[in-house]
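Enquirer: First, the structure itself, so that you have it in front of you.
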Amino acid sequence: MRTFQIRKPDNSIKEALKHKIDYLAKPKGALGRLEEIAFRIGLIQQTLSPRLNRPYNILFAADHGIADEGVSLSPKEVTWQQTCNFLRGGAGINFLCRQNGFKLKVVDAGVDYDLPYEKGIVDMKVRKGTRNFLHEAAMTPEEMELCIERGAACVDSVHSEGCNVVSFGEMGIGNTSASSLWMASFTGIPLERCVGAGSGLDERGISRKYEILRKSMENYPGPHSTEEILCRFGGYEMVMAVGAMLRAAELKMVVLVDGFIMTSCMLAASRLYPEVKEYTLFGHQGDEAGHKLLLDYLGANPLLNLGLRLGEGSGAVCSYPIVESAVKMINEMDSFDGASISKYF
């Protein structure tokens, strides 16, 4: 599998960053999380004057074989229908991208439909949907490696346009099931605490979903490598997101992490390369049952908690104005000396 050269940011700039933020014309710490965010972005970019350039939301779409077991309230055809809707500009992520100045790149990672690529969808289809992981591995090792490569290539594409801050979204009926199994497999948190309503299951539906996922885990006993777990339970869109996150970190880009599924992808990415977490900001805590547990496991402090559970990158893009404010703070506020104000802390 492709290797990535991801290193923790050089800490030698930390003292200078902290000094600049502390000596802006305000009481120390008075701008709270904005100060933390500015410090983190300055550390990522290795500068006292960080910049956010040409933000992109890359949205990966694919179908899941496990959807045939009825684990989702939504029918499988919603994957291709909503993927086409992204091109028409009528989805939730579209208005958020327009509002916040993001470009949207929609990628077919494995949708079970012949999509209209001529209208702007990027064709990186590996297969028309994964296999049903209740009975067999969702994908082969070769398919997993192809997903990693193609996810990385998507980041190369936007980086070449000058993008240095990127979020990732997904579309794929059944992908909360795959994410729950990744979460349980990688963290050891009991599966029942990782399984939620997805697109809107009631209690009976959640119980049935849990039983199917429990059987899926029982059919794959024993310890397994990270790569084996990716193959057994993953989705093509999810593994592409893993590759994209790793490449973004390698390029020292700021990575905005979305909801439960993308947080599961960050979990998987960090199992391969722990340093990837140094380049992340977590956009929000979603309404899916396992998301808070997963954020806590990763030691993540999300920027928003609005009860979102849409996916698509919506929570990450929604959090972007806070990130912008942090960067404007460190670049546009006067220092005590510059404003001729007596230091008052």
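The values are calculated or read from the model by the stated rules, or taken from the named source; none is laboratory data. This one's a predicted model, so the numbers in the text were calculated from it and none came from an experiment. Cβ sites come from the backbone with ideal geometry, for glycine too, and all protein chains shown count toward neighbours. Protein only, heavy atoms only, side chains kept; ligands, DNA and RNA dropped before computing areas. Shrake-Rupley method; radii C 1.70, N 1.55, O 1.52, S 1.80 Å.
Enquirer: Which whole-number percent gives the relative contact order of the chain, counting Cα pairs below 8 Å spaced six or more residues apart?
Expert: Contact order relative to length: 26 percent.
Enquirer: Once you list every other residue whose beta carbon is under 9 Å from the beta carbon of residue 124, what net charge do they have if Lys and Arg are +1 and Asp and Glu are -1?
Expert: Around residue 124, the surrounding residues sum to 0.
Enquirer: Mind giving me the FRET efficiency for residue 51 and residue 292? R0 is 35 Å, r the Cβ-Cβ distance, nearest 0.05 is fine.
Expert: 0.60
Enquirer: Related question: Using alpha-carbon positions, what is the distance between the centroids of the range 174-239 and the range 246-311, in Å?
Expert: 17
Enquirer: Just the number please: accessible area per residue for the chain, 1.4 Å probe, all protein chains included, in Å².
Expert: 41
Enquirer: Given a cut-off of 29 Å, what percent of all Cα-Cα pairs of the range 195-345 lie beyond it?
Expert: That tail contains 29 percent of the Cα-Cα pairs.
Enquirer: Heads up, I need the accessible area for residue 80: 1.4 angstrom probe, whole protein in place, Å², nearest 10.
Expert: Rounded to the nearest 10, the figure is 70 Å².
Enquirer: Tell me the accessible surface of residue 273 in square angstrom (1.4 angstrom probe, heavy atoms of protein chains only), to the nearest ten.
Expert: Accessible area of residue 273: about 40 Å².
Enquirer: Ordering 224, 291 by how much accessible area each has at a 1.4 Å probe, largest first, what is the list?
Expert: 224, 291
Enquirer: Expressed as a whole percentage, what fraction of the accessible surface of the chain belongs to carbon and sulfur atoms when a 1.4 Å probe is rolled over the protein heavy atoms?
Expert: Of all accessible area on the chain, carbon and sulfur atoms account for 48 percent.
Enquirer: Here's another thing I want to ask about it. Using the scaling law 2.2 N^0.38 Å as the reference, what is the normalised Cα Rg of the chain?
Expert: 1.00
Enquirer: Continuing with the same structure: For the range 114-220, which semi-axes, largest first and in whole Å, follow from the square roots of 5 times the eigenvalues of its Cα gyration tensor?
Expert: Sorted largest first and rounded, they come to 30, 16, 15 Å.
Enquirer: How far apart, in nm, are the 7 Å Cα→Cβ label points at residue 135 and residue 5?
Expert: Simple spin-label model gives 4.6 nm for this pair.
Enquirer: Using DSSP to call loops (not H, G, I, E or B), can you name the GluC sites (Glu not before Pro) in the range 14-85 whose Cβ has at most 15 other Cβ atoms within 10 angstrom?
Expert: Those that pass, being in a loop and sparsely packed, are 77.
Enquirer: Rounded, prolate or oblate: which fits the range 69-161, taking a ≥ b ≥ c as square roots of the Cα gyration tensor eigenvalues, rounded meaning a/c under 1.5, else prolate when a/b beats b/c?
Expert: Cα axes put the range 69-161 in the oblate bin.
Enquirer: Oh, and also: Measure out, as a whole number of angstrom, how far apart the alpha-carbon centroids of the range 115-142 and the range 5-84 sit.
Expert: 26
Enquirer: Give me the extension gain from residue 161 to residue 98: residue separation times 0.36 nm, minus the current Cα-Cα distance, reported in nm with one decimal.
Expert: Roughly 20.9 nm would be gained on extension.
Enquirer: Determine the sum of side-chain charges near residue 70: Lys and Arg each +1, Asp and Glu each -1, restricted to other residues whose C-beta is under 9 angstrom from that of residue 70.
Expert: With Lys, Arg at +1 and Asp, Glu at -1, the net is 0.
Enquirer: Let me see the P(r) profile for the range 53-118: every Cα-Cα distance counted, bins of 10 Å, each bin given as a percent of all pairs.
Expert: Answer for the range 53-118: a P(r) of 19, 47, 27, 7, 0 percent.
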